[in-house]
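All remarks here apply to the structure that follows.
The values are calculated or read from the model by the stated rules, or taken from the named source; none is laboratory data. No experiment lies behind these values; they were computed from the predicted model shown. Please note: Cβ atoms are built from the backbone with ideal geometry, for glycine as well, and neighbour counts cover all protein chains shown.
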Amino acid sequence: MEDFSNIPQLTLRLFDFNVDFNTETIIMTWIVMGLLIVFGFLATRKVSFIPNPFQVVGELLVSAFYNLTKDTLDEDMTKKYFPIICSLFMFLLLCNWLGIIPKLSEPTKDLNTPLSLGILGFLIAHYSGIKTKGFIKYAKEYCDPIFFMAPLNIIGELAKVVSISFRLYGNIMGGAIIIIVVSHLIYSLILPPFLIMFFGIFVGSIQAFVFTMLTLVYISLQVK
């Protein structure tokens, strides 16, 4: 059975501290970014009225997430935040699907990936809130309904990062563990390929969509 405690690491010395990097996660993330760059090139290389398959998929993604973002934010903000929302979904989708390919694994199986994306969404949302409302009005909202509630409101905002990150991590890591356990129980005969497809495609797609929509909602709550 795969040993999840055996993590390939690269250790660098930085300011008298040892900094460990998960090399598997880094390589898998680079693969995902490379695939997205290739997809973007193929989808936009020859744009025409008779689109190629890559252009069709690209246009469907752009149209769907533009409309979702427009339904949540106003027109001006949609143009500003739509690119990050669509890119986030595509990145997470490929990350969650990558484990379907033999010898590859999902970057989202490493907590650092969903946690980093959760922190990114948190920073974007709160920066947008400060920029839209001004710092004074933004800060006053943490004192609703009375200023004694400010610590609880701050904890609630920080809890959103933990919630959104661990939800994605738990589902992807849990699926990987179930696949490995069942594979060793029945020697990879029939069920494991089905489980791989189920957790990789179906659950992976749902979790990518949920994470993206929650990020969009968090941004919407801050700017409105």
Of the residues in segment 95-110 that are buried (at least 21 other Cβ atoms within 10 Å of the Cβ) and either part of a helix (DSSP H, G or I) or aromatic (F, W, Y) (or both), the one that is farthest from the chain's Cα centre (by Cα) is G99
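Conditions (1) acidic (D, E); (2) in contact with a Gly (Cβ under 7 Å, 6 or more places away or on another chain); (3) closer than 18 Å to M90 by Cβ, marked per residue:
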| position | (1), (2), (3) |
| --- | --- |
| E24 | yes, no, no |
| I27 | no, no, no |
| L42 | no, no, yes |
| P51 | no, no, yes |
| Q55 | no, no, yes |
| L61 | no, no, yes |
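Here is a yes/no grid of residues against (1) out of contact with any Phe, Trp or Tyr (no Cβ under 8 Å at 6 or more places or on another chain); (2) hydrophobic (A, V, I, L, M, F, W, C); (3) modelled with pLDDT of 90 or more; (4) part of a loop (DSSP other than H, G, I, E, B):
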| residue | (1), (2), (3), (4) |
| --- | --- |
| E24 | yes, no, no, no |
| W30 | yes, yes, yes, no |
| F49 | yes, yes, no, yes |
| Q55 | yes, no, no, no |
| D71 | yes, no, no, no |
| D76 | yes, no, no, no |
| K79 | yes, no, no, no |
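Yes/no per residue for (1) of a type in the set (V, I, T); (2) modelled with pLDDT of 85 or more:
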{"position": "P114", "(1), (2)": "no, yes"}
{"position": "F148", "(1), (2)": "no, no"}
{"position": "I155", "(1), (2)": "yes, yes"}
{"position": "K160", "(1), (2)": "no, yes"}
{"position": "L168", "(1), (2)": "no, yes"}
{"position": "L185", "(1), (2)": "no, no"}
Cβ pairs under 8 Å, 6+ apart or interchain, first in segment 86-106 and more than 15 Å from V210 (Cβ to Cβ), second among the charged types (D, E, K, R) and surrounded by fewer than 22 Cβ atoms within 10 Å (Cβ to Cβ), ordered by first then second residue, are S105/E24
